[in-house]
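Taking it in order: structure first as structure tokens, then the write-up.
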Amino acid sequence: MQTKFLSADPSGFTAAAGLLHDGALVAFPTETVYGLGGDARHDMAVARIFEAKGRPQFNPLIVHVNSIETARNYVEWPDMADILARAFWPGPLTLVLPLRPGAGLSPLVTADLPTLAIRVPAHPVAQSLLAAFGGPVAAPSANPSGRISPTMAAHVEAGLGGRIAAILDGGACGVGIESTILGLSDAPTLLRPGGLPVEAIEAALNMPLSRPGDDAPLTAPGQMASHYAPGARVRLKARDKRPGEMLLGFGPVEADLNLSPGGDLTEAAANLFHHLHALDAKGAKTIAVSPIPDHGLGRAINDRLRRAAAPRADGS
Ligand code: TXA
Ligand code: MG
């Protein structure tokens, strides 16, 4: 794939918005770092984000929107969210809030968590892109997994050139470190220090923040062994369907549902959470899953399936 450079002007914004509409990926500047953007409602687009970054796991992503009003379509909105958003948005603060049911986002965005990380970026180029696109943009930092976040278009090109449709060039990022992430689904908790000082948040709320590291080992979100626990048991690497099982297929097999009959790992990632939920809803007691190749996005799919198959806290 040839990665296009788009200029930060009306024709560049229109071209970038068109690519996002088609499910393609566009890197764009925010005031913190460059983000790798895709339509947050589009399963294949979100799967392509994980593919382009080479992430071995489905970490949840931050959704970028243009205003407080838009954010409220996607998340529950406690008073503290309102205070902080009015004080610091647009800006380098991400709020993690309960996801509103039926919000219409791809479940891959939240890695199927019941919470959503959301922010309104301040960079004028990000604002213009969001206005031209008119929808929610999922965007992790635009670097390959395990590398540092890019603060210039040239960094993005060096890391992801050839793997994404376009880079919207908006010069160097002013803040240069990622947004501060604050969990608000419970007591306000600092999940990641970043571009907005903790002191500013504590002053606005007039209270100290909890830090997960204070008394418990920091667990990356969504990384608990049995985080995704369907009601059904899960049997991996199934070559057959045993009595009482439903088969979640991959490749040319006869199955109750198939992640990708043609064996496409991006399509399989896009379907993963939808199909697990659908088989659960059909009342499956055990979901048998075809073997998934352990390369590219297959590694993230297998990671999540192993968690789903892990022994449950209740011993079942
Ligand atoms: O400044 C930034 O935040 C940049 C720009 C592009 O906005 N984005 C960024 O995204 O740094 P990323 O994916 O590199 O980091 C997002 C972090 C991850 O560590 C992820 O685990 C956490 O946000 N996160 C996302 N959703 C979450 C959720 N529902 N609960 C807890 N943590 C979440
Ligand atoms: Mg990152």
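For the chain, the longest principal axis of the C-alpha atoms and the axis of helix 265-281 are separated by about 70°. Translational diffusion of segment 1-75, estimated by Stokes-Einstein from the Kirkwood radius over alpha carbon pairs at 20 °C in a medium of 1.002 mPa s, is 157 µm² per second. Annotation: amide H-H contacts under 5 Å for V75 (H modelled 1.01 Å from N, sequence separation of 5 or more, or interchain): R100. Put a plus charge on the Cβ of each Lys and Arg, a minus charge on the Cβ of each Asp and Glu, and nothing anywhere else: the dipole of segment 105-219 about its Cα centre is then about 300 debye. Farthest toward the positive end of the dipole of the chain, out of A232, I164, L61, is the Cα of A232, where the dipole comes from beta carbon charges about the Cα centre. The mean sequence distance of close C-alpha pairs (under 8 Å, at least 6 residues apart), as a share of the length of segment 61-133, puts its relative contact order at 47 percent. Calculated mean residue ellipticity, 222 nm, the chain: -8500 deg cm²/dmol, from DSSP H runs (n ≥ 4) at -39500 (n - 2.57) each, averaged per residue and rounded to 500. Other residues lying with their Cβ under 12 Å from the Cβ of G12 contribute a combined charge of -1, Lys and Arg counting +1, Asp and Glu -1. A simple count of charges around L36, restricted to other residues whose Cβ falls under 10 Å of its Cβ and scoring Lys, Arg +1 and Asp, Glu -1, yields +3. The phi torsions of segment 80-94, fed into the Karplus equation with coefficients 6.51, -1.76 and 1.60 and a -60° offset, translate into couplings of 5, 4, 5, 4, 6, 5, 5, 7, 10, 9, x, x, x, 10, 10 Hz, rounded to whole numbers, with Gly and Pro shown as x. Each Lys and Arg contributes +1 and each Asp and Glu -1, all at the Cβ; summed about the Cα centre of segment 39-149, the dipole is approximately 280 debye. Given contacts defined as C-alpha pairs under 8 Å and at least six residues apart, what's the relative contact order of the chain, whole-number percent? Reported relative contact order: 23 percent.
Calculated accessible area for the chain comes out at 43 Å² per residue, all protein chains present (probe 1.4 Å; ligands, DNA, RNA ignored). Scanning residues 5 or more positions from A142 or on other chains, those with amide H under 5 Å from its amide H are Y34, G35, L36, with H placed 1.01 Å from N in the peptide plane.
For a straight C-alpha distance cut-off of 26 angstrom, the lysines reachable from K241 (same-chain residues fewer than eight places away being disregarded) are K282, K285. Share of carbon and sulfur in the accessible area of the chain stands at 54%, probe radius 1.4 Å. Oblate is the label for segment 1-130. Its Cα gyration tensor axes, ordered a ≥ b ≥ c, give a/c of at least 1.5 and b/c at or above a/b. Taking a ≥ b ≥ c as the square roots of the eigenvalues of the Cα gyration tensor, an a/c ratio of 1.5 or more together with a/b no larger than b/c marks segment 57-141 as oblate.
The Cα center of segment 90-108 and the Cα center of segment 119-164 differ in position by 18 Å. Remark on segment 112-191: hydrodynamic radius 14.7 angstrom, per the Kirkwood mean of 1/r across alpha carbon pairs.
In order along segment 116-125, phi translates into HN-Hα couplings of 10, 8, 9, 7, 10, x, 8, 4, x, 5 Hz, rounded to whole numbers, per the Karplus curve 6.51 cos²θ - 1.76 cosθ + 1.60 with θ = phi - 60° and x for Gly and Pro.
Once the other residues with Cβ under 15 Å from the Cβ of R163 are scored (Lys, Arg +1; Asp, Glu -1), what is the net sum?
Residues close to R163 contribute a combined charge of +3.
Our note on the geometry: Cα centres of segment 256-314 and segment 33-84, 22 Å apart. Prolate is the label for segment 59-207, because a/c, from the alpha-carbon gyration tensor with a ≥ b ≥ c as root eigenvalues, is 1.5 or above and a/b exceeds b/c. Between A165, A255, A103, the residue with the greatest mean-square fluctuation in the GNM of the chain (Cα pairs under 10 Å linked by springs) is A103. With both residues required to sit in the chain, DSSP beta bridges show an antiparallel share near 45%. Put simply, the amide H of A8, placed in the peptide plane, has neighbours under 5 Å in D169, leaving out anything fewer than 5 places away on its chain.
Can you give the Rg to Rh ratio for the chain, taking only C-alpha atoms and Rh from Kirkwood? Across the chain, the Cα-based Rg/Rh ratio is 0.98.
For H21, the solvent-accessible surface computed with a 1.4 Å probe is close to 110 Å², ligands and nucleic acids excluded.
The values are calculated or read from the model by the stated rules, or taken from the named source; none is laboratory data. These numbers come from a predicted model, not from an experiment. For neighbour counting, all protein chains shown are included, and Cβ atoms are generated from backbone atoms with ideal geometry for every residue, glycine included. We work out accessible area using only protein heavy atoms, side chains counted, and drop any ligands, DNA or RNA first. Shrake-Rupley method; radii C 1.70, N 1.55, O 1.52, S 1.80 Å.
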